[in-house]
Amino acid sequence: MVPISFLSLAMLAGLAVLVIPPLIHLLNRRRYEVIEWGAMQFLEMSEVTRRRMHLEELLLMLLRIGLLAVLVLALAGPYLDSSSRLLQGGRVNRDVVLVFDGSASMSYTGTGKSAQDQAKEWAIDFVQKMAPGDGVAILHARQQAIPVLGQLTTDRERVIDQIRRMPGPSGSASWPAALEQARAILQESQRSEREIILISDNQRVGWADDRATLAWKDFVALKKEQAGTTPRAWVVNLDPQRPANPPNWSLAALSASRAVVAVEQEVTFRTAMQLHGQTHYERPHRLRLEVNGQFIKNIETPLKASLERGQIPLTFKYRFPKQPGSYLVSLILEPDLPPAERGPGYVIKDHLPADNRQDFAVEVVRALPVLLVDGDTTTDPKTRGSFFLRDALSPARDQTPVVQARVIPIQEFNATSLVGSGSEREPSGIDDRPRVLILSNVARLSGEQQRVIDRFLQQGGGVLVTLGERCERDHYNAELHREGKGWLPAKLDEKQGDEKKVKESVRPLPSSFYHPALEMFRRQGVGGLETAWFARWWKLSTPGAGSTSTPVALFHKETLPFLVERAHGEGKVLLCSVPLDNSWRTNVVDVPAYVPLVHEMVYYLASLRVGEHNLPAGQPLRYRLPTSASLAGLTLQSPSGETRPFSIEATDDRSAYAAQIVQQVQGPILVSEGLREAGIWKLSTPEQQTQFYVVQSDSREADLTPMSEAERKQLEKLAPLTFVDHPEELRERLSNSSSQVQLWWWFLLGLIVLLCSEVFMTRWIVKQR
Amino acid sequence: MSASVHFDPSSLSRYGRLALVARQLVEGFLTGVHKSPYKGFSVEFAEHRQYYPGDEIRHIDWRAYGKTDRYYIKEYEEETNLKAHLLVDASGSMGYKGKTQSKFEYAQHVAASLAYLMLHQRDAVGLMLHDTKIRHMLPPKASAKHLLQILNLLQEARPEGETSMAPLWHHMADQLKRRGLVVILSDCFDKVGELIRALQHFRHKRHEVLLFHVLAPEEMEFPFSRWTEFRNLEVSGHRVKVDPQRLRKEYLKNFNTFCQQLREQAGQAMVDYHLLRTDQPVERALGVYLTRRQSRG
């Protein structure tokens, strides 16, 4: 069947004129003259002539009928409807990439079914109505675009099956990235008809917020550099009835005072309840705390609160059990009563449950492994300066210290020192590889030692350097600081103060303690750190405007730096301008704050790896393997519940996660492809240990404000997008779009041909007379 | 002294318009002829017989009386030197009338005029009206009274019936004992071959044949343009509805072929063929006749 449609179907009524030629013929035959005739014998025609005349008359009449038919059809505006063929089958095939919004806002249920379900239903219907042979690919737009069907396929059943099995929405969506990936898929297509359909909910966040606008600009800049045509991209709003600012409860990102803790230690967690589209606060039904999926308790929520900033801060504490390992702390907000307890007329406060949960992965260790490198070359440990630090971290009388401190003299420090005991993992699954390295009053470092520390820092280690009498200034400045290019945060200017002049000693300035490790000492009287005095100290400076070093604690006198911090690679270095022992005259080891200070600094430096387990989407997964580098038995479970092993070989199929093993200073580490889906990922070891990875969802998703018309117009100008307000409108637009091939001029051509034929035939017949 | 036919105008008028037309035509025509057509005409002497009271005195042969002293009456073989047979087709097809008079009317005038002329020249004229069969027949006579009979018959006749002349003409050829002039007035709408054979039959009997082919201009030109139902004048119920424009070429081809065949084959059969169109003056036929008569001597 030729898929021709007409712009004006009413015009087709004009086909009634087709009866005119036969009618004229019949009328002509009815109006005749009568002649009484004698020469009848000459009126007899031969059969051939009679047939020829009949044929000529028939042909002429058909020509005239055809002429009128083509004229009427041409006036009715005929067009070849390739879009309707997209939906009805039987036309030039096209390729379509369906991009689903995978952001959390798609789970909004305020208008009946969730936007995600509506999107699935619409897409399945759309695919079912496609022509056989049309290609489809599917992407799930999240922080990164996830290929659900990364290559164009004509297998509709498979497409529909994949749409049905698509995981629920979470996190945010990066549309420019998804559009770029859709374009890449369509570049393989040789077909002229190519469409990208972005199925979304018109949420401003992700489309037109500041971050998204920047991303669009980058996308457009990239597009200008690339050659080739851009397929049309349609943005269809699957939830057009959604109100402008619907009521929504959500939780702000969960943070912890420590990401690494020792067993039976208490950790403080912070978050906030965020209320959108509400004028007053009403206490939620409950706020559940779960650890490793087990209900622990309900967190108390305030009875009354002001909504000035739209959020209510929450703090709670949790003490971890004796068992070391990876712990998942989850906080789940339930603003509404369970459906069974809701009375008649109950108004639902929250239609978007996806943003009511926050998770945090905490590493609980039996004791934090710390390596103390002492610059003192004497053999008696008790006479060495590091004794005070070691005793503060792991008191000799404490059977179960929270820090497992190991002291070695500087000459013994090398790469193997950081591999720990080198033993297999302890049964808990927590290794004893040092998390923090303390260089205590070390005179100088050999080239090998410098390189080991550099790599340790690059790979996320934490280093505390305490300066003392032995430290060689020139060596530190030339080899370790290197005018800001080395890992040492500050340049050593000179040793200042006099041990005999205690009155001229310097004291820490608590009001400058804004560093997370020192925050608890900021208040006067806590631990009495402000009462500590140092008769002698190193004067430090951080030259250079572009220096990344920051003094994080100061002395009273002349705002001299007490502590200077600098990030190096993925690790951090804290430089202390005093030895933190009794080598120079000081009372610091006697003040109560001494032990907490050292603990805080060590735990702060150890927590740098918090980002390994609580990470934004798209970051690679890292897992520190035991010394035997093997992937055997390791599996990873995605938030949607799919469990797959790891594979070194790059695989195109989705049976395993591609991974590689990177040798680091502290041993091998598994690095796997980006964690693209927001939520909880679980890595399981052959020893039945679980390592949680929390891919943070974007808390901005809770803001359901829709895009304004102006923002959409601006986007349409910026990027090759066409916004469509309703799914049905998209079908209409597709069929009315450029894929519609106007045929009227073909009909006009036919009309001219028929007209010429008619004139020719008439003249020919007249000539025959 | 030859016998003459007297045309009394008062008596002619009794026979209506046809007689007047004939006379007017003939006399008008003769006025234009300088040489008298009567010169050299004579009657054929047959025998003498005895006078009986009652015979006209003027027929007494006074020379014979002088020699024998008895009254003898001179008798003649015939009262004319020519026997002419007018064969007029009165079939239905002759009734066709276009813008001019009908073919039959035309033939009536021609026949009447010829009869008038022939009698005027003391020729004997007979008349046969026919369609498929002989309707009326008058044997040739040269009396003035005979003219009136001829005219009367012509006047009364109406064209009707089918045309099937060939058998009839054969019949006539057999019937006419003495050779003479056969003048045929017909549209000849029959099979050419059969007609020619019939004409040849006349020729075989040593008759001279003058064929006046009477046709209407519409029949020769077929000038019709609108859809037309042609109804057969001879067979009631036979009708043909056609677009004349589409048919014209075919018709003219058929018609001209027929005429050409008739003319050629008539010529070959030594038949004097003349086409008479009804829009042409009747005198033309008279001219043809006189030329023919003169050439005969």
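The values are calculated or read from the model by the stated rules, or taken from the named source; none is laboratory data. None of these values were measured; they are calculated from a predicted model. Neighbour counts run over all protein chains shown; Cβ positions are idealised from the backbone, glycine included. Heavy atoms of the whole protein, side chains included, go into the accessibility calculation; ligands, DNA and RNA do not. Shrake-Rupley method; radii C 1.70, N 1.55, O 1.52, S 1.80 Å.
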Report summary line: Across the stretch A:583-626, the tally of residues that are closer than 21 Å to A:R384 by Cα, open to solvent by less than 20 Å² (accessible area, probe 1.4 Å) and in contact with a helix residue (DSSP H, G or I) (Cβ under 8 Å, 6 or more places away or on another chain) stands at 6
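Output the number of residues of the stretch A:480-504 satisfying the condition of being touching a Leu at 6+ places or on another chain (Cβ under 9 Å) and part of a helix (DSSP H, G or I).
Taking the stretch A:480-504 as the starting set, the residues that turn out to be touching a Leu at 6+ places or on another chain (Cβ under 9 Å) are A:480-482, A:486-493, A:495-496.
In the following step, the residues that additionally are part of a helix (DSSP H, G or I) were identified as A:480-482.
Count: 3.
Would you call A:L149 open to solvent by less than 50 Å² (accessible area, probe 1.4 Å) and without any contact (Cβ under 8 Å) to a residue 24 or more places away in the chain? It would help to see each step written out before you state the result.
Working: open to solvent by less than 50 Å² (accessible area, probe 1.4 Å): yes; without any contact (Cβ under 8 Å) to a residue 24 or more places away in the chain: yes.
Criteria met by A:L149.
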Query raised in the report: Can you find even one residue in the stretch B:205-218 that is open to solvent by 40 Å² or more (accessible area, probe 1.4 Å) and either more than 19 Å from B:V288 (Cβ to Cβ) or of a type outside the set (A, V, I, L, M, F, W, C) (or both)?
Result: yes
Report summary line: In the stretch A:358-390, anything surrounded by fewer than 20 Cβ atoms within 10 Å (Cβ to Cβ), out of contact with any helix residue (DSSP H, G or I) (no Cβ under 9 Å at 6 or more places or on another chain) and not in a loop (DSSP other than H, G, I, E, B) is listed as A:K382, A:T383
Requested in this report: Return the only residue of B:F224, B:F230 being closer than 30 Å to A:H25 by Cα, in contact with a Leu (Cβ under 7 Å, 6 or more places away or on another chain) and either within 14 Å of another protein chain (Cβ to nearest Cβ) or open to solvent by less than 20 Å² (accessible area, probe 1.4 Å) (or both).
Outcome: B:F230
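For the stretch A:437-449, what are the residues that are open to solvent by 20 Å² or more (accessible area, probe 1.4 Å) and either of a type in the set (A, V, I, L, M) or farther than 13 Å from A:S417 by Cα (or both)?
From the stretch A:437-449, those open to solvent by 20 Å² or more (accessible area, probe 1.4 Å) are A:443-444, A:446-448; that's our starting set.
A:A443, A:R444, A:S446, A:G447, listed by residue number.
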Report task. Residue by residue through the stretch A:178-188, note down the ones that are of a type in the set (A, V, I, L, M) and crowded, with 19+ Cβ neighbours inside 10 Å. Result -> A:A178, A:L179, A:A182, A:I185, A:L186
Report task. Please list, ordered by first then second residue, the pairs with beta carbon atoms under 9 Å, 6 or more apart or interchain, first in the stretch A:305-321 and assigned by TED's automatic domain parsing to the domain that holds A:A259, second open to solvent by 100 Å² or more (accessible area, probe 1.4 Å) and assigned to a loop (DSSP other than H, G, I, E, B). Result -> A:L307/A:T279; A:L307/A:H280; A:L314/A:E300; A:F316/A:E300
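Out of the residues in the stretch B:152-188 meeting the condition of being within 14 Å of chain A (Cβ to nearest Cβ), open to solvent by 70 Å² or more (accessible area, probe 1.4 Å) and under 19 Å from B:A111 (Cβ atoms), tell me which one is modelled with the lowest pLDDT. Step through it out loud before you land on a result.
First, pick out the residues of the stretch B:152-188 that are within 14 Å of chain A (Cβ to nearest Cβ): B:158-165, B:186-188.
When the remaining residues are screened for being open to solvent by 70 Å² or more (accessible area, probe 1.4 Å), the result is B:158, B:160, B:162.
Still in the list and also under 19 Å from B:A111 (Cβ atoms): B:158, B:160.
On the way: B:R158: 87, B:E160: 84.
Residue satisfying both the conditions and the ranking: B:E160.
Are any residues in the stretch A:129-170 part of a helix (DSSP H, G or I) and under 23 Å from A:D201 (Cβ atoms), and if so, which ones?
As a first pass, look at the stretch A:129-170 and keep what is part of a helix (DSSP H, G or I): A:156-164.
Hits for the stretch A:129-170 are A:V159, A:I160, A:Q162, A:I163, A:R164.
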Report summary line: Among (1) in contact with a Ser or Thr (Cβ under 7 Å, 6 or more places away or on another chain); (2) in a strand (DSSP E or B), B:T163 falls short only on (2)
Query - Among the candidates A:A702, A:A710, residue that is buried (at least 16 other Cβ atoms within 10 Å of the Cβ) and more than 21 Å from A:V362 (Cβ to Cβ) - result: A:A702
Query raised in the report: Any residue in the stretch A:629-636 that is farther than 23 Å from A:V364 by Cα, in contact (Cβ under 8 Å) with a residue 12 or more places away in the chain and open to solvent by 60 Å² or more (accessible area, probe 1.4 Å)?
Result: yes
Query - So A:E732, is it open to solvent by less than 60 Å² (accessible area, probe 1.4 Å) and either under 30 Å from A:Q619 (Cβ atoms) or out of contact with any Gly (no Cβ under 9 Å at 6 or more places or on another chain) (or both) - result: no
Report summary line: Given the conditions (1) touching a strand residue (DSSP E or B) at 6+ places or on another chain (Cβ under 6 Å); (2) in a helix (DSSP H, G or I); (3) modelled with pLDDT of 90 or more, every one holds for B:F104 apart from (1)
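Of everything in the stretch A:683-699 that's of a type outside the set (S, T, N, Q) and crowded, with 18+ Cβ neighbours inside 10 Å, which residue is nearest to A:A212 (Cα to Cα)?
Taking the stretch A:683-699 first, the residues of a type outside the set (S, T, N, Q) are A:683, A:686-687, A:692-695, A:698.
Okay, now just the ones that are also crowded, with 18+ Cβ neighbours inside 10 Å, so A:683, A:692-695, A:698.
Numbers: A:L683: 32, A:F692: 30, A:Y693: 26, A:V694: 23, A:V695: 20, A:D698: 13 Å.
That would be A:D698.
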Requested in this report: Give me a count of the residues in the stretch A:189-219 that are outside any strand (DSSP E or B) and open to solvent by 30 Å² or more (accessible area, probe 1.4 Å).
Outcome: 11
Requested in this report: Might you check whether a residue that is touching a Gly at 6+ places or on another chain (Cβ under 8 Å), within 14 Å of another protein chain (Cβ to nearest Cβ), crowded, with 20+ Cβ neighbours inside 10 Å and among the hydrophobic types (A, V, I, L, M, F, W, C) occurs anywhere in the stretch B:189-196?
Outcome: yes
Query - Matching residues, the stretch A:499-514, being touching a helix residue (DSSP H, G or I) at 6+ places or on another chain (Cβ under 9 Å), more than 17 Å from A:E565 (Cα to Cα) and open to solvent by less than 60 Å² (accessible area, probe 1.4 Å) - result: A:S505, A:V506
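Here's a check for you: in the stretch A:550-582, which residue that is under 23 Å from A:G462 (Cα atoms) and of a type in the set (K, R) is surrounded by the fewest Cβ atoms within 10 Å (Cβ to Cβ)? Walk me through how you get there before you give the answer.
The initial filter retains those residues of the stretch A:550-582 that are under 23 Å from A:G462 (Cα atoms), namely A:550-554, A:561-581.
Next, from what is left, pick out any that are of a type in the set (K, R): A:566, A:572.
Details: A:R566: 24, A:K572: 20.
Going through the qualifying residues, I end up with A:K572.
Can B:D243 be described as modelled with pLDDT under 90 and within 11 Å of chain A (Cβ to nearest Cβ)?
Numbers: modelled with pLDDT under 90: yes; within 11 Å of chain A (Cβ to nearest Cβ): yes.
In short, yes.
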